[in-house]
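Q: Pasting a structure here, questions to come.
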Amino acid sequence: MSWTLTATAARLGGLLRRDDAGEEPAPADGTLFSRAFARAVERATPADAKALEVARGQLGDRPEVIERAVASGAPISAVAALAAAWEGMGREARGIVAHPAGTGTGPVRWGSVLAAQVDQTTCGAATMGMMRMIGDPFVALWVGTGRSLGDHTPPEAIHAEAEGFATLTVEERWQALQRVIHAQTTTSALGPVAWPRSLGTPPWKVDDRTRFAGLRFAGRLVDDSTSEALAPLLAHARRALADGIPVPLFSAGDSSLGLDTVIPRHVVLLVRDAGNGFDVYEPGAGAVLPLADADLHPGAGRLPALGHWSRAAWLIMPVRARRG
């Protein structure tokens, strides 16, 4: 049977696996974002709590946008400014902020801009960029409009400006976001030595550099040799998605395609649970594509949702915060 390095390592006892990578978050009510909002209201002064409730109410049927804004760690002044600016943003800008990856399958377009990776080395950066836009509406707002609100500018926008990247258009800001993240994930990836940027994003730097609502992440090697081995990982991914947390997935080839393909080669993002599969943001295509559970096994062939690679290799999962 054809094999991948990650599946073999997983079967041999979890080589390269973080000690806490298998901890599945405990079940909880609501989503990560609604719980973050509730905690913020509980801890706020009466005046600030009222401001947060008013801000959420201003968005009508999109209260989750304000909940995401609060979970991102933005100050209350920025959250209030986002609520005040919402109706005046225009339909297209509101769509980018509310649903950066869209609401269904097919190409992800922000106006005329396809949300694709800049080049062959930035699949990980594009995936992480999309994840940051989902987790932080101020990043999505900056990409979509170039605006900052309430004297709050997301760090990615600050870094893009500091590096002198062009940021006048949606396309330029999306590309700048990728280049900022690509630089962050390749610097010091091998201790004091930088990871060669031509090799893309190393998996262990994705969990180190993933910025999403203050969570911690850890990598899990994927053993897809049997449905029984794969089932716990898929259940963990579904739990994360139900909580509002997208899941980065590294894909690979296997020994049948050549030894140079048995390591992680591409990165995609699970954005929705489709019941018998997932909706997957694939940055090479700039599209959300379907991925069936039934296709996640050796011999399935090249899969569009995996960037035309054939195997799932490495998942980036949220883990519980340490106590004490």
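The values are calculated or read from the model by the stated rules, or taken from the named source; none is laboratory data. Being a predicted model, the structure only gives us computed values, none of them experimental. A quick note on method: Cβ atoms are made from the backbone with ideal geometry, for glycine too, and the neighbour counts reach across all protein chains shown.
Condition check ((1) at pLDDT 90 or above; (2) in contact with a Phe, Trp or Tyr (Cβ under 6 Å, 6 or more places away or on another chain); (3) of a type in the set (F, W, Y); (4) assigned to a helix (DSSP H, G or I)) across all residues:
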position: T201; (1), (2), (3), (4): no, no, no, no
position: K205; (1), (2), (3), (4): no, no, no, yes
position: D208; (1), (2), (3), (4): no, no, no, yes
position: A213; (1), (2), (3), (4): yes, no, no, no
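Q: Could you say whether any residue in region 70-80 is closer than 24 Å to I316 by Cα, at pLDDT 95 or above, out of contact with any Cys (no Cβ under 7 Å at 6 or more places or on another chain) and in a helix (DSSP H, G or I)?
A: Checked region 70-80: at least one residue is closer than 24 Å to I316 by Cα, at pLDDT 95 or above, out of contact with any Cys (no Cβ under 7 Å at 6 or more places or on another chain) and in a helix (DSSP H, G or I).
Q: I would also like to ask the following. Taking only region 92-115 into account, find how many residues are under 17 Å from P246 (Cβ atoms) and in contact with a Gly (Cβ under 7 Å, 6 or more places away or on another chain).
A: Restricting attention to region 92-115, the residues satisfying the condition of being under 17 Å from P246 (Cβ atoms) are 96-105, 108, 115.
Still in the list and also in contact with a Gly (Cβ under 7 Å, 6 or more places away or on another chain): 96-97, 108, 115.
Final tally of qualifying residues: 4.
Q: Let me ask something else. Would you confirm whether or not region 110-117 contains a residue that is in contact with a helix residue (DSSP H, G or I) (Cβ under 6 Å, 6 or more places away or on another chain), under 21 Å from R211 (Cα atoms) and among the polar types (S, T, N, Q)?
A: yes
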